[in-house]
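Taking it in order: structure first as structure tokens, then the write-up.
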Protein chains: 2
Amino acid sequence: MAAEDISKVCEAHPMIGGDGPNSYAKNSTYQKGFLDVAKELVRKAIAEKLDIDISSSSTSFKIADLGCSVGPNTFFAVENIVEAVELKYQGQGMNSQIPEFQVFFNDHTSNDFNMLFKSLPQNRRYYAAGVPGSFYGRLFPNASIHIAHSSYGIHFLSRVPKEVMDRNSPAWNRGHICYSNSTDEVVRAYKAQYAEDMECFLHARAQETVHGGLMLLTFPGSPDGSPHSRSLVSLELLGSCLMDLVRKGVVSEEKVDSFNMPVYSMSPQELEVAVKRNGCFSIDIMAELPRPLAHDTLSISPMIASHIRAAMEGMIKKQFGEEILDELFDLYRQKCEQSVINTLLGDTFLVVLRRKAD
Amino acid sequence: MAAEDISKVCEAHPMIGGDGPNSYAKNSTYQKGFLDVAKELVRKAIAEKLDIDISSSSTSFKIADLGCSVGPNTFFAVENIVEAVELKYQGQGMNSQIPEFQVFFNDHTSNDFNMLFKSLPQNRRYYAAGVPGSFYGRLFPNASIHIAHSSYGIHFLSRVPKEVMDRNSPAWNRGHICYSNSTDEVVRAYKAQYAEDMECFLHARAQETVHGGLMLLTFPGSPDGSPHSRSLVSLELLGSCLMDLVRKGVVSEEKVDSFNMPVYSMSPQELEVAVKRNGCFSIDIMAELPRPLAHDTLSISPMIASHIRAAMEGMIKKQFGEEILDELFDLYRQKCEQSVINTLLGDTFLVVLRRKAD
């Protein structure tokens, strides 16, 4: 499968739409937990780091949620930001000058915007707009966004690196669906794709964000210096389930060999390198989030399994067909239950970038 | 059926989505004809009436298409406006200062935004956003729109006037689906609903449009002083087809009695009264559009019939069921062929309003 094809797979099925039992909307509790933890940090970041003068020349305060999916997490996140900005105004005695808010909900064109729009909170205090397109390209006019937010979005690459799908390349990623237990060549290919994508991401946001504007990014990542084998354990486990189905004759090995997840678990240091190379942002906060739930493996495993299914099912279905889904994810849930919970959960980071003046 | 219910009918099925044979996307040629005629007038209006200083304090030039449906007409209309604004800049020797454009596509929340986003032109020269909601309420922040456009949108009322659905009211609209051949009481009820809606429309737009900004409205209307019986002939004809089906026993009379189209054919004078009462806009242009096609009745009737089906099928289906659709619209096409073509086509107007400084 060519890189363009995989890229389209990713483009075509970012998350399961609608509101069925396996939908993303009904299976994003796990991320909501991180959002709750991130909530306080985001409020603190806005209280301490936001310069409210940045919106004085604008008719409204503009917020973008990048990779919003279909909700409800995007609404919680946006509501939290709006409240924090209002509090900042109030704290400075500028109650009467609180601006109107306009929120841009962004995701791939194939995202279920119809459902997103139908589930917009009735009592929202902002004007809502949907913006279709990849956040690795430009989405908004120059200097038009005051706060850009992305939660669990920027670990998705724009595409699978070409080499890992090429049988004749030393970076061919045979028998795996991500890079964590793969050869150094595979890891390097993913790392290069990440660097290219992050360059595009920062370049686009640098143009779109007003000077002094903030970018708040929450992402699953890897602590500096940790081995790649500790990254993306939950995905690697899904790959091992697919290989089990290969051994059972349910799935062809070739299909697993040609299937790769466009996902990279960056470290804070890697992000820092990208931000410095871009040059337009300062790093105001870089923090690892405490894990939200101290549950035991048995209670949290089904939640992780459902979450991974909601997020990944579209891509899996396109490659392997609908008929394997239940068997695959049943097996996956069992394997999750047998895993070390903290390894499975991985690490989540929050970074706050501020757009510097040119 | 309560007014709220009918209002929901209208809200739930503004146009047929998707791209099937009866979809609005495939049956909007008739309106495209008017768009072509309107195109030149819109360019002329922008050339003569637009003050490009209005966007000097903004990071981009913002255009809204109100009641955009699913395309492709909205893309033609928007492209035309963008080109006209660019020409205006070029004509004033300000080639290097042409702003970036941001276009907001607005329609009811139930509009098929997924399809709209998928069909966005690849080579567009603007940033696109979708904005769900009724244009009878606020959609955008204060003073954030430079040009608002609406083509074949503002003749849809926000709801059917309550009285016409009330058996005990003198305004009960028995045996008709619009007001053109109804009693004076019915006409008055529709007129009052129009006045109320237009007040809301202008009030919202007055807040959203920058001073000096333009509003370009194309709508099917009635010449000043023309009798109501000449308005909405194509809809009245559809009502008579429904009554034929009542006589054939296919449809219950009660269902026709309780069904009314939330549509009003305003006259230029009525719009002028509303604009003056609102007080925030001046009327720069008010023109009747020449009919785009000089075809004979036989060739144009199927086009009108398909167009009315695409626009109205959702509402008809909800009230009368899917099973009557083909019979109803076959009959309708035949009746169209027997009609006087100009009466059937009706009259279309273009009005250009300019937001006055307070």
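For this structure, a couple of remarks:
- Count of region B:76-103 residues, restricted to those that are open to solvent by less than 20 Å² (accessible area, probe 1.4 Å) and part of a helix (DSSP H, G or I), is 8.
- Residue within region A:161-168 that is buried (at least 19 other Cβ atoms within 10 Å of the Cβ), at pLDDT 95 or above and in a loop (DSSP other than H, G, I, E, B) present: yes
- Test: residue in region A:151-169 that is over 18 Å from the mean Cα position of the chain (by Cα) and small (Gly, Ala, Ser): yes
- Within region B:63-74, one or more residues are open to solvent by 10 Å² or more (accessible area, probe 1.4 Å) and part of a helix (DSSP H, G or I).
- For region A:254-264, the set of residues classified as open to solvent by 10 Å² or more (accessible area, probe 1.4 Å) and either within 16 Å of the chain's Cα centre (by Cα) or in contact (Cβ under 8 Å) with a residue 12 or more places away in the chain (or both) consists of A:255, A:258, listed by residue number.
- Matching residues, region A:128-155, being more than 11 Å from every other protein chain (Cβ to nearest Cβ) and touching a strand residue (DSSP E or B) at 6+ places or on another chain (Cβ under 6 Å): A:135, A:146, A:147, A:148, A:149, A:150, A:151, A:153, A:154, A:155
- Selection of first residues in region B:103-125 that are at negative phi and of second residues that are of a type in the set (Lys, Arg) and open to solvent by 10 Å² or more (accessible area, probe 1.4 Å), restricted to Cβ pairs under 6 Å at least 6 apart or on distinct chains, gives the following pairs, ordered by first then second residue: B:109/A:118.
- Matching entry among B:231, B:222 (being touching a residue at least 12 places away in the same chain (Cβ under 8 Å), of a type in the set (Ser, Thr, Tyr), surrounded by 14 or more Cβ atoms within 10 Å (Cβ to Cβ) and closer than 22 Å to residue B:316 by Cβ): B:231
- The residues of region A:91-116 that are within 28 Å of residue A:136 (Cβ to Cβ), of a type outside the set (S, T, N, Q) and either more than 9 Å from chain B (Cβ to nearest Cβ) or under 20 Å from the mean Cα position of the chain (by Cα) (or both), listed by number, are A:103, A:104, A:105, A:107, A:108, A:112, A:113, A:115, A:116.
- Residue check for residue A:186: out of contact with any His (no Cβ under 7 Å at 6 or more places or on another chain), without any contact (Cβ under 8 Å) to a residue 60 or more places away in the chain and either hydroxyl-bearing (Ser, Thr, Tyr) or more than 23 Å from residue A:137 (Cα to Cα) (or both): yes
Residues checked against (1) acidic (Asp, Glu); (2) without any contact (Cβ under 8 Å) to a residue 60 or more places away in the chain; (3) farther than 30 Å from residue B:207 by Cβ:
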site: B:284; (1), (2), (3): yes, no, no
site: B:290; (1), (2), (3): no, no, yes
site: B:305; (1), (2), (3): no, yes, yes
site: B:309; (1), (2), (3): no, no, yes
site: B:313; (1), (2), (3): yes, no, yes
site: B:320; (1), (2), (3): no, no, yes
site: B:341; (1), (2), (3): no, yes, yes
site: B:344; (1), (2), (3): no, no, yes
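- Which numbered condition residue B:153 misses (of (1) at pLDDT 95 or above; (2) part of a loop (DSSP other than H, G, I, E, B); (3) within 30 Å of residue A:104 (Cα to Cα)): (1)
- Some residue of region A:312-330 being open to solvent by 10 Å² or more (accessible area, probe 1.4 Å), in contact with a helix residue (DSSP H, G or I) (Cβ under 7 Å, 6 or more places away or on another chain) and not in a helix (DSSP H, G or I): no
- Test result for residue A:184, surrounded by fewer than 24 Cβ atoms within 10 Å (Cβ to Cβ), out of contact with any strand residue (DSSP E or B) (no Cβ under 8 Å at 6 or more places or on another chain) and under 29 Å from residue A:39 (Cβ atoms): no
- Every residue from region B:105-130 that is buried (at least 24 other Cβ atoms within 10 Å of the Cβ) and hydrophobic (A, V, I, L, M, F, W, C): B:105, B:113, B:116, B:117, B:129
- Complete set of residues in region B:279-294 that are crowded, with 17+ Cβ neighbours inside 10 Å and farther than 23 Å from residue B:39 by Cα: B:280
- Within region A:46-58, residues that are away from chain B (no Cβ under 14 Å) and over 17 Å from residue A:281 (Cβ atoms) reach partners that are in a helix (DSSP H, G or I) and hydroxyl-bearing (Ser, Thr, Tyr) with beta carbons closer than 9 Å, at six or more positions or on different chains, in the pairs A:52/A:89.
- Residues being assigned to a loop (DSSP other than H, G, I, E, B) and within 26 Å of residue A:291 (Cα to Cα) - total across region A:211-266: 13
The values are calculated or read from the model by the stated rules, or taken from the named source; none is laboratory data. This one's a predicted model, so the numbers in the text were calculated from it and none came from an experiment. So basically every Cβ, Gly included, is an ideal-geometry build from the backbone, and we count neighbours across all protein chains shown. When the accessible area is computed, the model is the full protein with side chains, heavy atoms only, and any ligands, DNA or RNA have been set aside. Shrake-Rupley method; radii C 1.70, N 1.55, O 1.52, S 1.80 Å.
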